Amino acid sequence: MAQRELLSGQPVDWQKLKTMYYYMVLSRKLDERMWILNRQGKAAFVISCQGQEGAQVGVALAMDPSVDWITPYYRDLGVVLAFGMTAREVMLGFLAKRDDPSSGGRQMPSHYGLRAKHILTGSSPVTTQVTHAAGLALAMKVRKVPGITASFLGEGSTSQGEFHEALNFASVHKLPLIVVVENNGYAISVPQAHQMSVINVADRASGYGIPGVVVQGSDPLAVYEATVAARERALRGEGPTLIEAKTHRYTPHSSDDDDRSYRPEGELLREKADDPVVMFRNWLTTYQKWDDQQETALLKRVREVVDDATDYAEKAPYPDPSTLLDHVYYSPQV
Amino acid sequence: MAVMSYLEAIRETLRQELRRDSRIIIYGEDVGVRGGVFRVTEGLQKEFGEDRVMDSPLAEAAIIGTAIGAAVNGLRPIPEIQFADFIFPAINQIVQEAARIRYRSNGDFGVPLVIRAPFGGGVHGALYHSQSVEVFFAHVPGLKVVIPGTPYDAKGLLAAAVEDEDPVLYFEHKAAYRSLKGEVPEERYLIPIGKADLKRSGKDISIITYGLMVNYALKAAEALEKEGISAEILDLRSIRPLDVQMILETAKKTGKVLIVHEDNLTGGIGGEISALIAEHALFDLDAPIRRLAGPDVPAMPYSPPLEHAFMITSDKITEAARDLAKF
Amino acid sequence: MAKAKLTPELLKEIYYYMALSRAVDDRMWILNRQGRAPVVYSSNGHEATQVGAVMALNRGEDWIVPYYRDLAMVIAYGETPREIMLHLLGRAADPNSGGRQMPAHWGLKRRHIMTTGSVVATQDVHAAGLALASKVLKDGRVSLASFGEGSTSQGEFHEALNFASVHKLPVIFLNENNGYAISVPARKQMAIMDVAARAQGYGIPGVIVDGNDPIKVYEVTQEAAERARRGEGPTLIEAKTYRFVPHSSDDDDRAYRSREEVAEWKKRDPVMTFEKRLIDEKVMTEDELKAMQQRIKNEVNDATDFAEKAPLPDPNTLGRYVYAE
Ligand SMILES: Cc1ncc(C[n+]2csc(CCOP(=O)(O)OP(=O)(O)O)c2C)c(N)n1
Ligand SMILES: Cc1ncc(C[n+]2csc(CCOP(=O)(O)OP(=O)(O)O)c2C)c(N)n1
Ligand SMILES: [Mg+2]
Ligand SMILES: [Mg+2]
């Protein structure tokens, strides 16, 4: 990462960059806590953002949660935190508690959704969120409200027909949409080479007549700038952009996976040299915007937030079994 | 005879079939090096090579659509859908293509194809890793739907599905994979699709069910036995075609029928079975037909109290059966 | 397969199939307007693309997976006018479906024409699957799927190209771009000028060809087939063409396209221009041409009579072929 005077054409706002770093660290630490809770038998399932924080926070902080919407996928802890979901809200969902704002404990962890924060509820079948995002953007265009929609997915999920249908639809109608592919090189065990015959998912953009941008996910500022440019284009009515962030997956696919059977030896170690959290911290340090003291203070603060969220969620009640039948259809009462 | 888990029985059958017939190929998401997310296909790529056991891109419509083409051009594909919940992107290919190809071509084309998919809940899978999707397919003429309830049946039914000239959906309950164990013969054998199996003989009530629930029903029958209630258990083994004859026989024999499935109550196969009994054996009944089934919510929730409230258990079966026996 | 030369015989054969399918097509419309055929889907205007492409294949051995527009393609692939008419009129002996499907839903195993349904783009994945079997069985066959440009908006188009390119399957994707999906013009269907531009997203060649020139289509298809047989994977061919008639006999195209536009394209009618070329280049004499046209006329008459006299399906067969018999 090079030195910067400007970010998206503006003088660098260092406070914003520190916020960026905060969310990256918070995502990492909250994620790590989830694994501990899983190993302690307190949570049945974890699916991680580790290795993708730079891409996730970089995009989210380039958006305006007051008008924009997102349709995240299961790996997007960093996205939802930076977009306004609190650590407590995340932990309530993680431990499947009654007050989980995403689904009241109905969905698996990491299936985020919260209308008040412009996060569309998502499911497990991959890529359905991309057509939803095009629909949100369509409504923005038709209703002439400001704002854009960003949709997130993995590179494996681009093999689904809905990826194509969404991009085609959005490009024909010039919708205010950003599609962010977090390319971590694997779909569970399937490496990218078995998933597609191109190196860059972004190459597909030309098939829709839209820009396709490749950015290094460990550089949240590059991601941020690509998102700002895409968002401005979208707001000008020029249509969607496909952003591909090259990232890494530092954990197995989920707590149910064992990646030793399919990851080549040494690969993870090499990828760790490009850890977005470490890279960004080093960069801030190099340009004298960060020091050990600040790091210690930040880690302490993050730890408090994570502890608080964990305690809060652990003490929170489970849903009442009598609510099993609620919300199948609209009801004015509940 | 070797004792195997349900999962091992499926894997060993796949291995045996791959050895027997070079036209068989297996593909799907993560079935190669990873051996499937449940490890059903573990070791198969190593033994049979990447051409015959291969990872596909993450695209279910393509998995099934290409399997149709491959079947027409001389292969016997056994595609895997990673979770039954993810079969829906391929539903057009299964329902509108695979199921209709023989009929629409007046018998000129056929699609010998076995679609394997793990299904069912009680494994903290939440809405999208717990569903019972069988009845969507049981509704469709041209398809066959097989759901084995024991390791022994898993083998014989899978071999029969592979031999079948028509598309067969073969659903494997996730909670059965490692929990069910039983004796499985080494040699190949076929269990005819559409033939139910009387898993236990009784005289007071009949419990008609399939898949994992067979085992819960057997456990319930033991508890009922102690209370002096003799339960007969009919394992359907396939829900399309249904073994109408055996369904009617057991209904006539005991006069009291409890139908159990994890799938949602409304529109579940239990409704069809009830209708068959009502049409053909109404006057042999001593009590109204009872159905014990998943509640009518779109899918199984994750949080333990909610998941538990959804799941059928042997206790719930015992209770429903006791109630019926008293009628 | 050794590279076939464009001999005079081959050129004449190409013309014969183009003219024959145009004549069959014209007759189908007459039967429809007379109330004798419920619905017609035409290849009228697409003949050069369809015939040019399949003449470059090993006909009857390679697989084709056509769509409803492909009358000329299936005729060139060996489905006879009699068989076509039996299908149009829903007769028992219709080899495509025994009168079960709507007209133009081809399928003839004898000639390696894959059965097709109505849902667009499903055939793209089938072709990839046929090719997958060819790769595994090493049978040397190539598969060709054809589809309209509107159908490329479907997810299965993308899934098929992706699957086929990952596995380097011997398959050709032939897009017959006639600029319309029923009434929807291509610019409302996609934000690009050329369907072929999508090939880049799969790392495969995307070739644009004049779909009204059968020789050009023949050549690019031949190249794609050779590439496929060499194990180098799929090719996307986009043939730019035009349909001269409404989408089907139930459509009225005056609502969505101008007569001037249609007239402009008709100047490049593939059957007429190819006919002229064969005469000008002395591949065929006027007499030969007349004789061939007479033969075609007789064939069409014979096919119509034959099919009209043929029995309808027995209602008792309604329940047959749900499963293997
Ligand atoms: C339609 C569908 N098929 C299969 C799955 C099972 N599945 C869950 S995640 C996943 C891999 C996704 O890979 P990718 O898109 O690269 O995202 P990543 O997990 O690497 O971030 C698969 C196959 C699913 N969720 N949905
Ligand atoms: C999935 C699906 N949706 C809608 C239709 C109805 N339909 C039939 S043909 C057609 C237009 C296809 O246009 P194009 O692919 O360009 O082919 P063309 O008819 O122009 O050759 C439509 C919308 C269909 N058959 N299948
Ligand atoms: Mg990935
Ligand atoms: Mg068209």
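The values are calculated or read from the model by the stated rules, or taken from the named source; none is laboratory data. Since this is a predicted model, take the numbers as computed values, not measurements. When we count neighbours, we look across all protein chains shown, and the Cβ atoms used for this are built from the backbone with ideal geometry, even at glycine. Quick note on the areas: whole protein, heavy atoms, side chains included, nothing else; ligands and nucleic acids left out. Shrake-Rupley method; radii C 1.70, N 1.55, O 1.52, S 1.80 Å.
Quick rundown of the values:
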quantity: Qualifying positions in region B:125-139 - open to solvent by 30 Å² or more (accessible area, probe 1.4 Å) and away from chain A (no Cβ under 14 Å); calculated: B:135, B:136, B:139
quantity: Among the candidates B:42, B:12, B:8, residue that is within 13 Å of another protein chain (Cβ to nearest Cβ) and either surrounded by fewer than 19 Cβ atoms within 10 Å (Cβ to Cβ) or not in a loop (DSSP other than H, G, I, E, B) (or both); calculated: B:42
quantity: Those residues of region B:86-99 which are under 19 Å from the mean Cα position of the chain (by Cα) and either within 10 Å of chain C (Cβ to nearest Cβ) or surrounded by fewer than 24 Cβ atoms within 10 Å (Cβ to Cβ) (or both), in sequence order; calculated: B:86, B:88, B:90, B:91, B:95, B:99
quantity: In region B:145-171, residue nearest to the chain's Cα centre (by Cα) [restricted to those that are charged (D, E, K, R) and open to solvent by 10 Å² or more (accessible area, probe 1.4 Å)]; calculated: B:155
quantity: Pick from region C:306-325, criterion in a helix (DSSP H, G or I) and touching a helix residue (DSSP H, G or I) at 6+ places or on another chain (Cβ under 9 Å), ranking: surrounded by the fewest Cβ atoms within 10 Å (Cβ to Cβ); calculated: C:308
quantity: Residue within region A:126-134 that is without any contact (Cβ under 8 Å) to a residue 60 or more places away in the chain, hydroxyl-bearing (Ser, Thr, Tyr) and either away from chain C (no Cβ under 14 Å) or not in a helix (DSSP H, G or I) (or both) present; calculated: yes
quantity: Test set (1) assigned to a loop (DSSP other than H, G, I, E, B); (2) open to solvent by less than 50 Å² (accessible area, probe 1.4 Å); (3) under 14 Å from residue B:157 (Cβ atoms) - residue B:229 fails condition number; calculated: (3)
quantity: Residue within region C:99-113 that is farther than 24 Å from residue B:106 by Cβ and either in contact with a strand residue (DSSP E or B) (Cβ under 8 Å, 6 or more places away or on another chain) or acidic (Asp, Glu) (or both) present; calculated: no
quantity: Members of region A:246-267 that are more than 11 Å from chain B (Cβ to nearest Cβ) and closer than 18 Å to residue A:75 by Cα; calculated: A:246, A:247, A:248, A:249, A:250, A:251
quantity: Odd one out for residue A:131, checked against (1) of a type in the set (Val, Ile, Thr); (2) within 14 Å of ligand 1 (Cβ to nearest atom); (3) crowded, with 24+ Cβ neighbours inside 10 Å; calculated: (3)
quantity: Residue that is facing another protein chain (nearest Cβ under 7 Å), among the small types (Gly, Ala, Ser) and open to solvent by 10 Å² or more (accessible area, probe 1.4 Å), where the choices are B:142, B:122, B:110; calculated: B:110
quantity: Residue C:160 within 14 Å of chain A (Cβ to nearest Cβ) and small (Gly, Ala, Ser); calculated: yes
quantity: Residue count, region A:276-334 (criterion: within 14 Å of chain B (Cβ to nearest Cβ) and in a loop (DSSP other than H, G, I, E, B)); calculated: 14
quantity: Qualifying residue in region C:186-195 (condition: near ligand 2 (Cβ under 9 Å from one of its atoms) and more than 14 Å from chain A (Cβ to nearest Cβ)); calculated: no
quantity: Filter result for residue A:208 (within 30 Å of residue C:233 (Cα to Cα) and in contact (Cβ under 8 Å) with a residue 40 or more places away in the chain); calculated: yes
quantity: Some residue of region A:78-92 being touching a residue at least 60 places away in the same chain (Cβ under 8 Å), crowded, with 24+ Cβ neighbours inside 10 Å and aromatic (Phe, Trp, Tyr); calculated: no
quantity: Filter result for residue A:208 (over 21 Å from residue A:275 (Cβ atoms), at pLDDT 95 or above, more than 16 Å from ligand 2 (Cβ to nearest atom) and among the hydroxyl-bearing types (Ser, Thr, Tyr)); calculated: yes
quantity: Verdict on residue B:66 being in contact with a Leu (Cβ under 6 Å, 6 or more places away or on another chain), over 27 Å from residue A:197 (Cβ atoms) and either within 14 Å of chain C (Cβ to nearest Cβ) or in a helix (DSSP H, G or I) (or both); calculated: no
quantity: Criterion (open to solvent by 10 Å² or more (accessible area, probe 1.4 Å) and either touching a residue at least 40 places away in the same chain (Cβ under 8 Å) or more than 16 Å from ligand 1 (Cβ to nearest atom) (or both)) met by exactly one of C:192, C:172; calculated: C:192
quantity: Boolean, residue C:262 is at pLDDT 95 or above, among the aliphatic types (A, V, I, L, M) and either in contact with a Cys (Cβ under 7 Å, 6 or more places away or on another chain) or more than 30 Å from residue C:97 (Cα to Cα) (or both); calculated: yes
quantity: Leading residue by the ranking (farthest from residue A:111 (Cα to Cα)) among those in region B:255-305 that are in a helix (DSSP H, G or I) and either within 14 Å of chain A (Cβ to nearest Cβ) or in contact with a Cys (Cβ under 8 Å, 6 or more places away or on another chain) (or both); calculated: B:305
quantity: Evaluation of residue C:68 against (1) more than 16 Å from ligand 2 (Cβ to nearest atom); (2) more than 21 Å from residue B:113 (Cα to Cα); (3) of a type in the set (Phe, Trp, Tyr) (one fails), failing number; calculated: (1)
